1. Report the one residue of CYS66, GLY48, SER120 whose Cα lies farthest in the direction of the positive end of the charge dipole of the chain (charges on C-beta: Lys and Arg +1, Asp and Glu -1; origin at the Cα centre).
2. In whole Å, how far is the Cα centre of the range 206-230 from that of the range 52-79?
3. Let me spell out the model: positive unit charges on the Cβ of Lys and Arg, negative unit charges on the Cβ of Asp and Glu, origin at the Cα centre of the chain. What dipole size does that give, in debye rounded to 20?
4. How large, in percent, is the carbon and sulfur part of the accessible surface of the range 33-126 at a probe radius of 1.4 Å?
5. Relative to the present Cα-Cα distance, how much length would full extension add between ASP149 and GLN114 at 0.36 nm per residue of separation?
6. Compute the distance in nm between two label points, each set 7 Å from the Cα along the Cα-to-Cβ direction, one at THR99 and one at THR158.
7. Which length gain, in nm to one decimal place, applies between PHE198 and PHE92 when the Cα-Cα distance is subtracted from 0.36 nm times their residue separation?
8. Just checking the chain: which Cys have no other cysteine's beta-carbon under 4.7 Å?
Amino acid sequence: MVESNDYVYYERKEVDECAEGTDNCSPQATCSDTPYRFTCSCNAGYTGNGVTCTDVNECNSNNGGCAGTCTNSEGSFTCSCGADSVLNADGFACDACSTLYSGLNPSHNFGVYQNQCFWSGSFRTPRLNYMAAKQACQAEGGTLAMIKDEATQTFLRTHLRGTSGHRQRSYWIGLDDRDAEGTFLWNDGTELGEYDEFRSDAPNRARDCVTLWRTRRVARWDIMDCSVLKPYICQLGGNGSK
Ligand SMILES: [Ca+2]
Ligand SMILES: [Ca+2]
Ligand SMILES: [Ca+2]
């Protein structure tokens with residue numbers, strides 16, 4: 001039954017106010033048509049009477065359920081983790097890189113960039129040739145580090161400064177032209193894109209595997225003989241899981 005103070009609606013033609021756009025629901029609400037009227041209810045992430053809806057700050061309650069940092073946003077929120085851990089696929093928990101990839105030592109040589117763990121060998125880590133280094137990263141579910149943009153290069157420079165000081169000058173990264181001379185492929189099979197930091201653009205038939213070479217001031221890529229023994233950098237868990 002319709003309540004007595006709603007009788008006015010009987011004198012109007014029944015319309016779908018939601019479809020006509022004559023409702024007064026908030027942009028953050030969902031309009032539902034009902035006989036002779038309509039209702040507004042705030043969407044998930046918002047609170048209010050439907051005509052007025054405001055963002056819920058989920059972080060104010062139990063840190064939004066985040067193990068790490070909770071960041072509120074309009075209509076939603078996100079969790080993020082600290083420098084040595086990545087956000088679990090559940091979106092809430094934080095997994096320490098050293099726990100996820102316990103086969104890589106030293107365990108304090110991890111860094112996180114864009115929610116992926118990176119690891120670099122120390123002066124104590126056995127040096128490996130390119131294929132063995134690639135295999136060592138693959139054994140943990142990763143690849144050698146793939147530096148596809150300047151931001152990743154910058155992250156790694158900073159990471160290496162913090163984990164190795166100036167003792168180590170070059171590391172294997174996940175780039176080579178072993179299959180076809182001059183066609184460099186990243187370890188995930190993608191071709192080298194627009195971005196590169198080669199020291200020399202001269203073709204190099206004799207050498208196929210790429211290192212990140214650095215000094216205090218610069219970091220460049222060097223093509224080396226794949227059989228040389230070197231420290232290496234792994235990139236792990238592209239999707240945040242092993
Ligand atoms: Ca209606
Ligand atoms: Ca929110
Ligand atoms: Ca080559």
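1. Comparing the listed Cα positions along the dipole, SER120 ranks first.
2. The two parts, judged by their Cα centres, are 45 Å apart.
3. Numbers: 21 positive and 31 negative charges, 466 e Å.
Rounded to the nearest 20 debye, it is 2240 debye.
4. For the range 33-126, the apolar C and S fraction of the accessible surface comes to 49 percent.
5. Roughly 11.4 nm would be gained on extension.
6. The modelled label-to-label distance comes out at 2.5 nm.
7. Values: separation 106, 0.36 × 106 = 38.16 nm, distance 3.94 nm.
Length gained between PHE198 and PHE92: 34.2 nm.
8. Here no cysteine comes out as lacking a disulfide-compatible partner, given the Cβ-Cβ threshold of under 4.7 Å.
The values are calculated or read from the model by the stated rules, or taken from the named source; none is laboratory data. None of these values were measured; they are calculated from a predicted model. For neighbour counting, all protein chains shown are included, and Cβ atoms are generated from backbone atoms with ideal geometry for every residue, glycine included. Quick note on the areas: whole protein, heavy atoms, side chains included, nothing else; ligands and nucleic acids left out. Shrake-Rupley method; radii C 1.70, N 1.55, O 1.52, S 1.80 Å.
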